[in-house]
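Written below as structure tokens is the structure these notes are about.
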Amino acid sequence: MSYQALARKWRPQNFEDVVGQSHVVSALSNALEQDRVHHAFLFSGTRGVGKTTLARVLAKSLNCETGPSASPCGVCSTCQSVDEGRFIDLIEIDAASRTRVDDTREILDNVQYAPTMGRYKIYLIDEVHMLSKSSFNAMLKTLEEPPEHVKFLFATTDPKKLPVTVLSRCLQFNLKNMTPERVVNHLKVVLAEEGIEAEDSALWQLGRAADGSMRDALSLTDQAIAFGSGKLLGTEVATMLGSVDRQEVYRLIDAVAAGDGAKVYEVIDQVAEFAPDFSALLDELLTVLHKVAVFQVVPEGVDNSFGDREKIGQLATHILAEQVQLFYQIALMGKRDLNLAPDRKMGFEMTLIRMLAFEIDDDSPPEATVAVPKPPAAERSIPKPVAS
């Protein structure tokens, strides 16, 4: 029995199932209910946020036998044909493989013919920005005044590459990236339906690794389920992703704040055994420092979504706000210079050494607080002479 990937199995079949794109769903639903559907739509956004899915749902809504409606029935022959990818009046075109003007002309030659089965003939062109300039020029007149039975649905990850003349003829919808919180909430629903146990820490790691893409999140979840033999455990997901436990980041910040160079090197050596991505480790360091800085200014601005609010609060109470800002700036510059170092581990070590090498000058006025190099340890141990 063949297995269907989660990203395909849980692809939304109607507008209600679409996650995180309420601004687009609301506009499309209202247009359908009021019978004010434009003839050309452009869906833009990063990969895996629902561009092609929304286009297919719109095609189904327009051609549903009980419609047009914002809530297609899902059971009529048209809806089932769209879901199964065999609806003859939904012509899906991959612009990346059909960039030539001759291909575009071939498509446009068939626009004048009425739909075979449905109410509308719909052209869904994916990655439309890949079309050549000549192809766009050939399309302009038809795109501006198409026959009443034709709708154009475009999807692209790079709308800036589209000519202004094309953009002006379309309704444009920019789809949002998926936040880790939204990804985690959706994964909880999916995994509950699939009957798979999952730790919150594992879900948050997947949510961050997805980098705004729900499809990537579901694909990574598939991989994590296989890796963990049917369970999602935080430690196993971290191993699969090659990420570092955030507890190590807390230990590093504690050691740097205490000026304990030996402890810093001990933690770095332990982390290095897992061959981590030191750029990603610096990102984790910056993320924690950011949360600490926010907690120091607006404690209620830090939620417990990562299960670390208590630890963030502890760090915020025993590290000066000026130190947090200094560490953040040094880490930011270290990330910029990481690729220039002989190797990334060395670059990461130098970033932490810079944090140890500088301290806040307490003698400066509050409005002119500066970081100054720390004197050598031997000099710091010599007491200052007392005037007689």
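The values are calculated or read from the model by the stated rules, or taken from the named source; none is laboratory data. This one's a predicted model, so the numbers in the text were calculated from it and none came from an experiment. Cβ sites come from the backbone with ideal geometry, for glycine too, and all protein chains shown count toward neighbours. Surface accessibility is based on the protein's heavy atoms, side chains included, excluding ligands, DNA and RNA. Shrake-Rupley method; radii C 1.70, N 1.55, O 1.52, S 1.80 Å.
The table that follows gives values for the structure above.
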quantity: Cβ pairs under 6 Å, 6+ apart, first in the range 25-41 and small (Gly, Ala, Ser), second surrounded by 12 or more Cβ atoms within 10 Å (Cβ to Cβ); calculated: 29/15; 29/70; 31/37; 40/143; 40/152; 40/169; 40/170
quantity: Enumeration of residues in the range 158-206 that are in contact (Cβ under 8 Å) with a residue 24 or more places away in the chain, of a type in the set (Ser, Thr, Tyr) and over 18 Å from residue 217 (Cα atoms); calculated: 165
quantity: Residue, least open to solvent (accessible area, probe 1.4 Å), within the range 45-84, restricted to residues that are touching a Pro at 6+ places or on another chain (Cβ under 8 Å), assigned to a loop (DSSP other than H, G, I, E, B) and over 30 Å from residue 220 (Cβ atoms); calculated: 64
quantity: Strands (runs of 3 or more DSSP E) within the range 111-195 that include 2 or more residues in contact with a Cys (Cβ under 9 Å, 6 or more places away or on another chain) and open to solvent by less than 40 Å² (accessible area, probe 1.4 Å); calculated: 150-156
quantity: Condition broken by residue 206, with the remaining ones in (1) touching a Ser or Thr at 6+ places or on another chain (Cβ under 7 Å); (2) at positive phi satisfied; calculated: (2)
quantity: Residues of the range 306-352 satisfying the condition of being within 24 Å of residue 277 (Cα to Cα), of a type outside the set (Gly, Ala, Ser), part of a loop (DSSP other than H, G, I, E, B) and open to solvent by 50 Å² or more (accessible area, probe 1.4 Å); calculated: 306, 342, 343
quantity: Residues being open to solvent by 80 Å² or more (accessible area, probe 1.4 Å), of a type in the set (D, E, K, R) and in a helix (DSSP H, G or I) - total across the range 1-44; calculated: 4
quantity: Output for the range 85-110, where each listed residue is assigned to a loop (DSSP other than H, G, I, E, B) and either exposed (fewer than 11 other Cβ atoms within 10 Å of the Cβ) or of a type outside the set (Lys, Arg) (or both); calculated: 85, 86, 87, 88, 89, 95, 96, 97, 99, 110
quantity: Residue 61 closer than 15 Å to residue 177 by Cα and modelled with pLDDT of 90 or more; calculated: no
